[in-house]
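See below for the structure under consideration.
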Amino acid sequence: MMRGTRRRKRRIGLGTAVAVLPLLVLMSVVIAGCGSSAASSTTAVSPTTAVTSTSSTVAAKLSKLTLVAPPGPMAIPLAYIAVNNKLAEVAEKTELVIWENADQLKAIVAGSQGDFVTMPSNNAAIFYNKGLQLHLLDISVWNITYLVTSDPTVAGFSDIKGQSLVVPLQGSVPDVMFQYFAKKAGLDPQKDFDLRYATDPTQAAQLLLAGQVQNAVLSEALATAVVLQTKTADKPLRKALAFDQAWRAAAGADAASPIAGTVATPRVMDKPEVVAAFEREYKAAVDWMLANPDEAGSLVETQLPQLGLKAAVMTASMKGITWKYTPAADARSSLEAFYTALSDLSPEVIGGHLPDDGFYYKP
């Protein structure tokens, strides 16, 4: 669990606040059931492009809404909402908080420190199955992970049989997906690869860049960052296999991998007008991001400088993610198929069993 952290926040222009955790330059989403417990302080960033909503004030307007996102490209839609004060219709101000690891994420959800939280779909299932109150609102990310290699002939895991491979965070969703792909291809994940587990995604990227391993499983924005860093090298790295494509090949042409979405916490569960406003603006933010990739990358560099992520990397990594806003009820069949396949290899990756009806938000 995250140790106690004193947060320093201040009000900034047009009733919008953005609070962030200081992060390393190269961070990718930790799609795991647990994570480091390192605590971090929180600072505020003043938006320079905030836009005041012209919507009329609604009854019981909230004094503040707190949006919570992971570091990296999945934070872009929530950052766009906060910086541009898109929820002024239902709240006096909007705050954005970045979670750094799964323990901090759990502390935020368990402590009702956020209202709308973007997280990996398996974390949402784990938290729900452990008794934390939340409703899954949507799934928007359907792939964020790649097999990265310098070999131009590699197209899948069968092509790297016998080679060295680093996977971050043993037991994480990328790890379980890798094991699933390997077994579907008739390979033994432990015997047919020189397999090495890294303690975090950044370590996996460093091992690959240093030439200590031939291949790596990396999620965005790290997957794009290492490719860009080696663009002029004799053997540049490349993203050889997108995990959503591999999932369809292994699980069936209609199979999908619903990786991440947004949940509502108890603070807004009884406020359907607030949830409706958020979902409307969140979908619009995803649409804006996809239509304006360069501006989306710049948004993170200028409005969230503590992340240390440059616009070019953010724009490129954003394009490396499979985005599709889908309400949770519409994604349920895909989620349950995905959860079932993962839990056959590792039940703890979803908290032991499929979440029940109460997991899915019903307007």
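The values are calculated or read from the model by the stated rules, or taken from the named source; none is laboratory data. Predicted model, so just to flag it, every value in this text is computed and none were measured. As a convention, Cβ positions derive from the backbone with ideal geometry for all residues, glycine included, and neighbour counts pool all protein chains shown.
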Inset, instruction - With the condition kept exactly as written, say whether any residue in the range 183-191 is closer than 30 Å to GLY308 by Cβ and touching a strand residue (DSSP E or B) at 6+ places or on another chain (Cβ under 9 Å). - result: no
Inset, instruction - Would you tally the residues in the range 147-158 being surrounded by fewer than 16 Cβ atoms within 10 Å (Cβ to Cβ) and farther than 10 Å from ASN215 by Cα? - result: 4
Legend entry - Checklist (1) surrounded by 24 or more Cβ atoms within 10 Å (Cβ to Cβ); (2) under 16 Å from the mean Cα position of the chain (by Cα); (3) assigned to a loop (DSSP other than H, G, I, E, B) applied to LEU87, failing item: (2)
Inset, instruction - Would you be able to tell me the number of residues in the range 185-200 that are part of a strand (DSSP E or B), among the aliphatic types (A, V, I, L, M) and in contact with a helix residue (DSSP H, G or I) (Cβ under 8 Å, 6 or more places away or on another chain)? - result: 1
Legend entry - Residue match in the range 73-92 (condition: closer than 26 Å to PHE338 by Cα, at pLDDT below 95 and not hydrophobic (A, V, I, L, M, F, W, C)): yes
Inset, instruction - Only residues in the range 138-161 that are among the charged types (D, E, K, R) and modelled with pLDDT of 95 or more count as the first member; pair them with residues that are in a helix (DSSP H, G or I) and buried (at least 19 other Cβ atoms within 10 Å of the Cβ), Cβ under 8 angstrom, at least 6 apart or cross-chain, and list the lot. - result: ASP138/GLU279; ASP138/TYR282; ASP138/ALA328; ASP138/ALA331; ASP151/ILE160
Legend entry - Single condition TYR180 does not satisfy, out of (1) assigned to a strand (DSSP E or B); (2) within 17 Å of ASP244 (Cβ to Cβ): (1)
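Has the range 151-163 got any residue that is closer than 24 Å to PRO73 by Cβ, of a type in the set (Phe, Trp, Tyr) and not in a loop (DSSP other than H, G, I, E, B)?
Our first condition is that a residue be closer than 24 Å to PRO73 by Cβ; within the range 151-163, this holds for none.
Scanning the range 151-163 turns up no residue that is closer than 24 Å to PRO73 by Cβ, of a type in the set (Phe, Trp, Tyr) and not in a loop (DSSP other than H, G, I, E, B).
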Inset, instruction - Could you look through the range 126-143, keep only residues that are out of contact with any Phe, Trp or Tyr (no Cβ under 8 Å at 6 or more places or on another chain) and assigned to a loop (DSSP other than H, G, I, E, B), and pick out the one that is surrounded by the fewest Cβ atoms within 10 Å (Cβ to Cβ)? - result: GLY131
